[in-house]
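Following: one structure in structure tokens, then a few remarks.
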Amino acid sequence: MFDDELDDRSAFTADAAITPAPLDWGRARCRDGNGTLTHLFFSDEPIETARARAICGKCPLSVACLEGALERVEPWGVWGGELLESGRIVANKRPRGRPPKHPRPLVVINEDAIAVPVRVA
């Protein structure tokens, strides 16, 4: 009978080791508690989606966020640093209306840029 108990316990600990710990979504960079950044992640403006991508670039949960969005087939938005439309990753969001005659440059925002103080007279 002792051998059976030992087998049951070893199976339980093996299952517990395989199960990943729940993610602490409170550590996500987009989560400020007020929802003030939400518009960046669902914007039609290239500068705002670039800002959202930059925020995701430094987030420790970006991989899990993107995987979850792809599993849920999110219809649109920036998830894990990638822009999604109809559940698929796209390079750029197509703006409304007629396409421009000349393609617009890709907007990239550097989160590591050093702010230069402005002198006020």
### Query
Taking into account only those residues within region 58-87 that are in contact with a Lys or Arg (Cβ under 9 Å, 6 or more places away or on another chain) and small (Gly, Ala, Ser), which is farthest from Pro103 (Cα to Cα)?
Ser62
### Task
Return the total of residues in region 61-92 being free of Cβ contacts under 8 Å to residues at least 24 places away in the same chain and of a type outside the set (Lys, Arg).
18
### Task
Pull up region 22-60, narrow it to residues that are touching a residue at least 40 places away in the same chain (Cβ under 8 Å), small (Gly, Ala, Ser) and more than 12 Å from Gly77 (Cα to Cα), then point me to the one that is surrounded by the most Cβ atoms within 10 Å (Cβ to Cβ).
Ala54
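Which residue is farthest from Gly80 (Cα to Cα), if the candidates are limited to region 24-57 and must be in a helix (DSSP H, G or I) and of a type in the set (A, V, I, L, M)?
Going through the qualifying residues, I end up with Ile47.
Please enumerate the residues belonging to region 88-121 that are over 18 Å from Arg53 (Cβ atoms) and modelled with pLDDT of 65 or more.
Pass one, region 88-121, residues over 18 Å from Arg53 (Cβ atoms): 96-103, 114-121.
Of everything in region 88-121, those that are over 18 Å from Arg53 (Cβ atoms) and modelled with pLDDT of 65 or more turn out to be Arg96, Gly97, Arg98, Pro99, Pro100, Lys101, His102, Pro103.
The values are calculated or read from the model by the stated rules, or taken from the named source; none is laboratory data. The structure displayed is predicted, hence computed values, not measured ones. Methodologically, a virtual Cβ is constructed for each residue, glycine included, from the backbone with ideal geometry; neighbour enumeration extends over all protein chains shown.
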